[in-house]
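Comments concern the structure below.
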Amino acid sequence: MSTAIAISGVSKRFAEIQALDNISFDICQGEFFGLLGANGAGKSTLINIIAGLVRATTGSVKVLSYDVVKQYRQARQRLGVVPQELVYDPFFNVREVLQLQAGYFACGKANYRWIDELLELLDLTEKAKENLYALSGGMKRRVLIAQALVHKPDIVVLDEPTAGVDVELRKSLWQMTNQLHQQGMTIVLTTHYLEEAEALCDRIAILSHGKLKILDAKHQLLDRYPYRWLCLYFHQKFVVPDALQAKVVTQTEQQLTLKLHKQQDSIGEILEYFHQQGLILQDLQMKEPSLQDVFLELTQEAS
Amino acid sequence: MNWVGMWTLFYKELMRFLKVTIQTLLTPVITSLLYLVVFSHVLEGHVEVYPNVSYTAFLMPGLIMMTILQNAYANSSSSLIQSKMTGNLVFLLLAPISNIEFFIAFVTAAIVRGLMVGFGLYIASLFVVDLPTYSWLWIVLFALLGSAILGAMGVIAGIWADTYEKISAFQNFIIVPSTFLSGVFYSINSLSEFWQIVSKFNPFFYLIDGFRYGFFGISDVLPFKSLLVATIFLGLLSSGCLWLLSIGYKIRQ
Ligand SMILES: Nc1ncnc2c1ncn2[C@@H]1O[C@H](COP(=O)(O)OP(=O)(O)OP(=O)(O)O)[C@@H](O)[C@H]1O
Ligand SMILES: [Mg+2]
């Protein structure tokens, strides 16, 4: 697959702060890419460098083979960016804002039908004549997304699009990004909701303190985590053998959760032990690791 | 060139002030008329700057030019600082618009605002003063140059400032004194030699002097000299501004 965004050796220094430290990786065309990391990890800085809003101290970024500084026209034309902050121009209404944004990208009246479609898609048709300041936060967020799509870019970068958004809108945003992805658009998403990244992204990069910690396909990332959880419910009181004490996560009178290593711990042996004690199992659950677990493990390692 | 993009930005800048015309067009016209009433009431009959030109008539072109300059400046500077403070400048920075297109769109909108206010004040003044016209060509030329220069200064100030306070400091400590001390209310020939020399280092003086020449056919320095100075000044400011944009000063960290 060919490269949508090529990031090579990008570093960024803001006075004292090293916001990004020698980041290099590629995002492929048609990919749904997740960019994760704690607050201040450098996600927005990287996105802003891709978008040409911030200049890298060293290194370069290419969008569909166009350098974002030297060939900014071609690069920006192909890129749609949803900024993290809820920014808007209070002088204009929703439709005007979209028409202006389209105009900046040299799209003329031929584009107006697409604007209508976008309004419909984002459920903004009724608000088309409302001034931006009169919209709720979630609606402003939708306008931001429409603005990013107004020139039909090949790549969309969404910086925390679901922050502060209600469950319903979040679901519909997921649906929409999925739909765009299916139509062949490359999508880059940052989020703090790991279920979101897990549900949507093909590949995930994790930044920590400006460094690229992890870059892997989602499934490999999940497989890489060596633990899973076993949750046992008993009919009567039980005793945990010494050998298992270290693996206990939670324990109540009749319930026990163990964190088990996928290769080293045998579930069969554990069940056998309780069986020999004459304990009767009421229920049993296995929990596979989520992205959240992987993420926490990695960030704990880092700090 | 991204013509559509540049046109759209120009149109947006135009709409921005046309949506609040009371504040952007009417208020400056009325303020300047008040100046006219007060100063001409106090000084009419006491001062004759040019032969056979009443003080009120003498004052008018200077007031019009001052109003043009201040409004051209206000247009680009306030638009930029507002966009920066509210963060919506990002939409423009994401677009494939070059520095020169950015610059031209902002300055042209500033020119239009300057000329509209100036023309409004001119029309209003016809009811108050008997203002001759010697040459529309010079009048329009200097109105264009003046508003372009101040539009460019507004862009520079808008790029540089990160608070409203800095914008108004720029306005109050640079723009207002330079316009007031540029011969709006007097001819520099009435000043002492020292202040005459100082005035000649003030580019605004040439704008007002050349503009006034368009009305009376009389001026303190040759209009061609004023034209030259103003053009060079505009060239310098534009290059400076384009350079700031090209290094991304403050707006693309
Ligand atoms: N304009 C700036 N000036 C100075 N420092 C900055 C600037 N922008 C970002 N930083 C610093 O760079 C680091 C990375 O910030 P960035 O916004 O990229 O983080 P992030 O991963 O997007 O965080 P969040 O999840 O909170 O959005 C932070 O320490 C931040 O304080
Ligand atoms: Mg961020």
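The values are calculated or read from the model by the stated rules, or taken from the named source; none is laboratory data. Note that the structure is a prediction, hence the values are computed from the model and not measured. Using ideal geometry, Cβ is built from the backbone for each residue, glycine included, and neighbour counts are taken over all protein chains shown. Surface accessibility is based on the protein's heavy atoms, side chains included, excluding ligands, DNA and RNA. Shrake-Rupley method; radii C 1.70, N 1.55, O 1.52, S 1.80 Å.
Summary of values
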quantity	calculated
First in segment A:224-253 and touching a residue at least 60 places away in the same chain (Cβ under 8 Å) and among the basic types (Lys, Arg), second anywhere and buried (at least 16 other Cβ atoms within 10 Å of the Cβ) and in a loop (DSSP other than H, G, I, E, B), Cβ under 8 Å, 6 or more apart	A:228/A:289
Among (1) modelled with pLDDT under 85; (2) open to solvent by less than 50 Å² (accessible area, probe 1.4 Å) - the single one residue B:207 does not satisfy	(1)
Segment A:241-267: number of residues that are open to solvent by less than 60 Å² (accessible area, probe 1.4 Å) and farther than 15 Å from residue A:283 by Cα	9
First in segment A:1-26 and over 21 Å from residue A:77 (Cβ atoms), second anywhere and acidic (Asp, Glu) and within 16 Å of ligand 1 (Cβ to nearest atom), Cβ under 7 Å, 6 or more apart	A:11/A:21
Subset of segment B:60-98 [within 14 Å of chain A (Cβ to nearest Cβ), buried (at least 24 other Cβ atoms within 10 Å of the Cβ) and more than 28 Å from residue A:71 (Cα to Cα)]	B:75
Residue check for residue A:300: open to solvent by 80 Å² or more (accessible area, probe 1.4 Å) and closer than 30 Å to residue A:21 by Cα	yes
Residue among A:80, A:164, A:108, A:103 that is facing another protein chain (nearest Cβ under 9 Å) and either within 16 Å of ligand 2 (Cβ to nearest atom) or in contact with a Pro (Cβ under 9 Å, 6 or more places away or on another chain) (or both)	A:80
Among the candidates A:149, A:194, A:144, A:189, residue that is within 16 Å of ligand 2 (Cβ to nearest atom), within 14 Å of chain B (Cβ to nearest Cβ) and at negative phi	A:144
Residues being facing another protein chain (nearest Cβ under 9 Å) and under 17 Å from residue B:248 (Cα atoms) - total across segment A:53-74	5
Among the residues listed as A:291, A:281, the single one being in contact with a His (Cβ under 9 Å, 6 or more places away or on another chain) and open to solvent by less than 90 Å² (accessible area, probe 1.4 Å)	A:281
Any hit, segment A:5-23, residues being within 12 Å of ligand 2 (Cβ to nearest atom) and under 14 Å from the mean Cα position of the chain (by Cα)	no
Residue list for segment B:14-30, filter: facing chain A (nearest Cβ under 10 Å) and buried (at least 19 other Cβ atoms within 10 Å of the Cβ)	B:16, B:17
For residue B:241: the one exception among (1) crowded, with 20+ Cβ neighbours inside 10 Å; (2) closer than 30 Å to residue B:162 by Cβ; (3) without any contact (Cβ under 8 Å) to a residue 60 or more places away in the chain	(3)
Residue A:282, sole failed condition from (1) part of a strand (DSSP E or B); (2) closer than 28 Å to residue A:148 by Cα	(2)
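Condition check ((1) under 21 Å from residue B:77 (Cβ atoms); (2) in contact with a Ser or Thr (Cβ under 6 Å, 6 or more places away or on another chain); (3) surrounded by fewer than 17 Cβ atoms within 10 Å (Cβ to Cβ)) across all residues:
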{"position": "B:151", "(1), (2), (3)": "yes, yes, no"}
{"position": "B:156", "(1), (2), (3)": "yes, no, no"}
{"position": "B:174", "(1), (2), (3)": "yes, no, yes"}
{"position": "B:182", "(1), (2), (3)": "yes, no, no"}
{"position": "B:190", "(1), (2), (3)": "no, no, yes"}
{"position": "B:195", "(1), (2), (3)": "no, no, yes"}
